[in-house]
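Notes follow the structure.
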Number of protein chains: 4
Amino acid sequence: MGDLEEFFIRDTFAQAAGIRLVSIAPGRAVVSMEIGEQHRNSHGTVHGGAIFTLADTAFALASNSHGVPAAAINASITFMTATREGTLTAVAEEFALNPRLATYIVTITQAQERVALFQGMVYRKTKKRE
Amino acid sequence: MGDLEEFFIRDTFAQAAGIRLVSIAPGRAVVSMEIGEQHRNSHGTVHGGAIFTLADTAFALASNSHGVPAAAINASITFMTATREGTLTAVAEEFALNPRLATYIVTITQAQERVALFQGMVYRKTKKRE
Amino acid sequence: MGDLEEFFIRDTFAQAAGIRLVSIAPGRAVVSMEIGEQHRNSHGTVHGGAIFTLADTAFALASNSHGVPAAAINASITFMTATREGTLTAVAEEFALNPRLATYIVTITQAQERVALFQGMVYRKTKKRE
Amino acid sequence: MGDLEEFFIRDTFAQAAGIRLVSIAPGRAVVSMEIGEQHRNSHGTVHGGAIFTLADTAFALASNSHGVPAAAINASITFMTATREGTLTAVAEEFALNPRLATYIVTITQAQERVALFQGMVYRKTKKRE
């Protein structure tokens, strides 16, 4: 886990957003973010970009947990409810893993309530043998 | 445009990310972000969350440009290329508008190169007459 | 379940694709499709449209299982692997349910292997009381 | 165009759905489908799977138009309005092309009205030189 903790610490944008690493394991990662004034959009609720950043950070950790560099190529997110306060938690889980491509589901909750659902795909830079 | 400029200024998360409003018109908005150290992910390229936040901000401005509050319910984003420096621009354009739902396409470029493609849907809080 | 079986039988496009109803319960539906010559694309594998149709049919059954008409407004699908033969199964599960909007995850497998992942949102025509 | 016409003719699922090829060029394809009884869902409108299949067929033609086999890995679709009759047209246009990945936007209309918006990504089986 040491390498992945360092990987997380180098994530400047996540750090600036106040995201904290909760746990990490092969193909799985949990991060959290305490909602503050800095996360609000024009409606006063949490910015979609902040929720996406939280989910994307869990996704990056889970997809880079196998020692192969993985770059996000696609993501979709659905927002269920607007949130104003508390702590958001994102749990990323591997759905499928191929040598080149892998897919993850990320669930974002606040006090057990489902706030958003994220689905993402990475391109994996597996070394070629040809 | 005055009201929408104020709407943008209240977007704390976008402000913190260094996003600037370029232009706005009914159903259309352009924003930009100069890439800095704060926007990087663990690979040293621009964080997917930062690119999403830029696109989402243009989307929020375009979808709230008609005087009816609009909340994002869904978005998908595809990343074409990793970016390290320069200025990113996001252009949001209305694709379809119904009383309750509207859809937008957001194109994210850097020096004319296409960096990402975003598609988003909002739920519009149109006042009911029933 | 009687009403939902009739609902399924009226789904002409699903019937033409050879989709069968396996089970249905509030917020959950399972359908299957035996792969045949009719389902192939130009590469000789199962057409993305056939896999989407299978997933979309499970999604429609699950989202219409509460007695409130629900119309799909958005869906995203990720394809893990190309399939050529056997039986595909799609399991739709409710992720979140609000009066107006609901979100479902649909997993598509073939002989336990994950073939595709689908995420969809519906607009629910809940009667208003205002 | 001869090879691509043959490519289209081998698409059994598209043929069964009554899809016709309108035009094709590098990175661009147009297909159409006259709505019939066979395309309906349980609500009596055109099945999301039929609209997706139309869009996916245009996407497959556009992405395979460069002589490199391309397989869909991801797609998202947004439905603007329910349709009951007439002819649906899908226009696929290349948004970005890399050696391994390419992205397309597909617009689905009926009598000039926008019915759905589709965004898809392919993995391209470019021959390696390493």
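The values are calculated or read from the model by the stated rules, or taken from the named source; none is laboratory data. Remember, it's a predicted structure, so these values are computed and weren't measured experimentally. Cβ atoms come from the backbone with ideal geometry, glycine included; neighbour counts cover every protein chain shown.
Points to keep in mind about this one:
- Test: residue in segment B:45-62 that is farther than 18 Å from B:Leu117 by Cα and of a type outside the set (Phe, Trp, Tyr): no
- Among the residues of segment A:30-52, the one identified as more than 21 Å from B:Ala60 (Cβ to Cβ) and within 12 Å of chain B (Cβ to nearest Cβ) is A:Val31.
- Any hit, segment A:57-67, residues being modelled with pLDDT under 95 and under 30 Å from A:Pro99 (Cα atoms): yes
- Of B:Ala17, B:Ala29, all but one fail to be among the hydrophobic types (A, V, I, L, M, F, W, C) and over 12 Å from the mean Cα position of the chain (by Cα); the exception is B:Ala17.
- Sole residue being closer than 23 Å to C:Ala16 by Cβ and not polar (S, T, N, Q), chosen from C:Ala102, C:Ala96, C:Ala50: C:Ala50
- Breaking point among (1) facing chain C (nearest Cβ under 9 Å); (2) under 19 Å from C:Gln15 (Cβ atoms); (3) surrounded by fewer than 23 Cβ atoms within 10 Å (Cβ to Cβ), for D:Glu6: (2)
- Residue that is farthest from the chain's Cα centre (by Cα), among those in segment B:94-130 that are among the polar types (S, T, N, Q) and within 11 Å of chain D (Cβ to nearest Cβ): B:Asn98
- Flag if C:Asp11 is among the acidic types (Asp, Glu) and at the interface with chain D (Cβ under 7 Å from one of its Cβ atoms): yes
- Residue among B:Ala60, B:Ala82, B:Ala55, B:Ala71 that is closer than 30 Å to B:Thr126 by Cα, within 11 Å of another protein chain (Cβ to nearest Cβ), in contact (Cβ under 8 Å) with a residue 12 or more places away in the chain and surrounded by fewer than 24 Cβ atoms within 10 Å (Cβ to Cβ): B:Ala71
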